[in-house]
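Since the structure comes first, as structure tokens, the remarks are kept for the end.
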Amino acid sequence: MTSSTDSAKQLRYLAGALKAPRILDVADRLADQARDQGWSFEDYLAAVLEREVAARNASGAEIRIRAAGFGTRKTLEDFDYDAQPAIRNQIAALTGGGFLTEARNIVLLGPPGTGKTHLAIGLGIQACRHGYRVLFATATDWVTRLSDAHRQGRLPAELAKLRRYGLIIIDEVGYLPFEQDAANLFFQLVSSRYEHASLILTSNLPFSGWGGVFGDQVVAAAMIDRIVHHADVLTLKGASYRLRNRGIDTLPSIRTTTGDNEN
Ligand SMILES: Nc1ncnc2c1ncn2[C@@H]1O[C@H](COP(=O)(O)OP(=O)(O)OP(=O)(O)O)[C@@H](O)[C@H]1O
Ligand SMILES: [Mg+2]
């Protein structure tokens, strides 16, 4: 009796010293299970440590999700694939996170409200769960961030810092046109990550419309070339999910949303 109280005390101290308090939550319960089921000492130790590691990974993922700046939390599990059946298999293939180890990119193209941002965030959350650091921002916010760094003479340092993120998400390429400077800044961001770390981009425009947005056809072409060299391009189609069940079938028709995105 005394010795088990001593062991409990010692365990409490040791778990505290290791900053692994969850060991205390599971040690007793798993010890009972181990006795019942005749586990080896090694099996028991592995089971206890596994619980701690799983809990640490989960809280690490939560920290990475909060640091990523997603704005709203959208998951791949919440996505209604019946609304976009054509990309179901492509998304399923991406959930394992293999694209991140291979530094591949993902481009989500399609008209407003078809789920581009939702999927980009969902894939970003998945990346956080796989242990990658992620940063999410709109294209406009990225331009501001990069121009600030450029103005202060620290663009190379900023790009080096961003390379430490396994995934960068650039949402809404195409809604607002950029200055010529922005095209150069984006080009540098894309080249600094090329074959090194992943990007996810979303756009309502087909690639043929990007030159107009960046105000420079040559830079846009060189950028697209690098982005799509190792990329999955997912084309979303149809009416806006936002307008579903609202009795509004279509948004004003504009050239850029005819769904003729090439890929
Ligand atoms: N297939 C879907 N299943 C569940 N929710 C969806 C689906 N498609 C879109 N939504 C929801 O509809 C809203 C609009 O989607 P989202 O913001 O991803 O569209 P978008 O393609 O990024 O549009 P925009 O081009 O206007 O930015 C969001 O709340 C999103 O969660
Ligand atoms: Mg969006």
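The values are calculated or read from the model by the stated rules, or taken from the named source; none is laboratory data. A quick note: this is a predicted structure, and the numbers were derived from the prediction, not measured. When we count neighbours, we look across all protein chains shown, and the Cβ atoms used for this are built from the backbone with ideal geometry, even at glycine.
If you filter the stretch 1-29 down to residues that are part of a loop (DSSP other than H, G, I, E, B) and in contact with a helix residue (DSSP H, G or I) (Cβ under 8 Å, 6 or more places away or on another chain), you find that the one that is surrounded by the most Cβ atoms within 10 Å (Cβ to Cβ) is 20. Of everything in the stretch 68-108, what is of a type in the set (A, V, I, L, M, F, W, C) and either out of contact with any strand residue (DSSP E or B) (no Cβ under 8 Å at 6 or more places or on another chain) or surrounded by fewer than 16 Cβ atoms within 10 Å (Cβ to Cβ) (or both)? Give them in sequence order. The answer is 76, 79, 83, 86, 92, 93.
Condition check ((1) under 26 Å from residue 60 (Cβ atoms); (2) touching a residue at least 24 places away in the same chain (Cβ under 8 Å); (3) among the hydrophobic types (A, V, I, L, M, F, W, C)) across all residues:
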{"residue": "104", "(1), (2), (3)": "yes, yes, no"}
{"residue": "125", "(1), (2), (3)": "yes, yes, yes"}
{"residue": "156", "(1), (2), (3)": "no, no, no"}
{"residue": "163", "(1), (2), (3)": "yes, yes, no"}
{"residue": "168", "(1), (2), (3)": "yes, yes, yes"}
{"residue": "173", "(1), (2), (3)": "no, yes, yes"}
{"residue": "191", "(1), (2), (3)": "no, yes, no"}
{"residue": "200", "(1), (2), (3)": "yes, yes, yes"}
{"residue": "205", "(1), (2), (3)": "no, yes, yes"}
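Screening residue 82 with (1) within 12 Å of ligand 1 (Cβ to nearest atom); (2) at pLDDT below 95; (3) within 19 Å of residue 231 (Cα to Cα); (4) out of contact with any Lys or Arg (no Cβ under 8 Å at 6 or more places or on another chain) gives one miss only, at (3). So for the stretch 176-197 (the condition being touching a helix residue (DSSP H, G or I) at 6+ places or on another chain (Cβ under 8 Å), within 16 Å of ligand 2 (Cβ to nearest atom) and modelled with pLDDT under 95), does at least one residue qualify? Yes, some residue in the stretch 176-197 is touching a helix residue (DSSP H, G or I) at 6+ places or on another chain (Cβ under 8 Å), within 16 Å of ligand 2 (Cβ to nearest atom) and modelled with pLDDT under 95.
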